[in-house]
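Report on one structure; see the data block that follows.
The values are calculated or read from the model by the stated rules, or taken from the named source; none is laboratory data. What you see is a predicted model, and the numbers here were worked out from it, not measured in a lab. We place every Cβ from the backbone using ideal geometry, glycine too, and count neighbours over all the protein chains shown. The area values use the complete protein model at the heavy-atom level, side chains included, leaving out ligands, DNA and RNA. Shrake-Rupley method; radii C 1.70, N 1.55, O 1.52, S 1.80 Å.
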Amino acid sequence: MDAEAHEEFRQFVAGRSSALLRTAVLLSGGDRHAGEDLLQNALVKAAGRWRRIDEPEAYVRQILYRQQISRWRLKWRRLELTVAEPPEKHPVPDGSTAAELRLVMREALGRLTARQRAVLVLRYFEDLPEAEVARLLGCSVGTVRSTTHRSLARLRAVAPELAALEDRARRPRDFSPVEVRP
């Protein structure tokens, strides 16, 4: 890579890496470290072909999606620690802040399969049409639709606290003036 291409690549990484990292973290089930690894591998692949890439962000995102698909297809099993009793669930505190919703959503996405997670991230976080999601994942539009339907149903089942947070976020706030006495 020549000096000019190196500088262009460096500027791309500096400008777009945070948005790409958010996508990578969501694709990897909320695991920030796995998301960082996913993004780093995608950027390494893109750097090798930098001069031949017309749309760098689209190219890197496609690498992210395809690498994540490859990870699902491997018969890799996560190492889990088995304990006599499941860990206690933390109660969802009152207040419907955006941070609270993000944390609950991240935990809920982690309970889905990798394929379900990818379909939901691409459809709702990236806001891609079904045809584009199907193209990226290498499946039919019908498969994307059915997977989306099943993924949302499973998300509602494994994370009922999302519905409560959503209801609180939609509830109108009482902003009536407070009477001040002299």
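For region 1-40, residues that are of a type outside the set (Ser, Thr, Tyr), buried (at least 18 other Cβ atoms within 10 Å of the Cβ) and in a helix (DSSP H, G or I) total 10. Go through region 41-72 and give me each residue that's touching a helix residue (DSSP H, G or I) at 6+ places or on another chain (Cβ under 9 Å), more than 17 Å from Cys139 (Cα to Cα), part of a helix (DSSP H, G or I) and not small (Gly, Ala, Ser). If the condition is that a residue be touching a helix residue (DSSP H, G or I) at 6+ places or on another chain (Cβ under 9 Å), more than 17 Å from Cys139 (Cα to Cα), part of a helix (DSSP H, G or I) and not small (Gly, Ala, Ser), then Asn41, Leu43, Lys45, Trp50, Arg51, Pro56, Glu57, Tyr59, Val60, Arg61 are the ones that fit.
Test Leu155 against the criterion of being part of a helix (DSSP H, G or I), at pLDDT 75 or above, open to solvent by less than 50 Å² (accessible area, probe 1.4 Å) and out of contact with any Asp or Glu (no Cβ under 6 Å at 6 or more places or on another chain), and give yes or no. Against the criterion (part of a helix (DSSP H, G or I), at pLDDT 75 or above, open to solvent by less than 50 Å² (accessible area, probe 1.4 Å) and out of contact with any Asp or Glu (no Cβ under 6 Å at 6 or more places or on another chain)), Leu155 qualifies.
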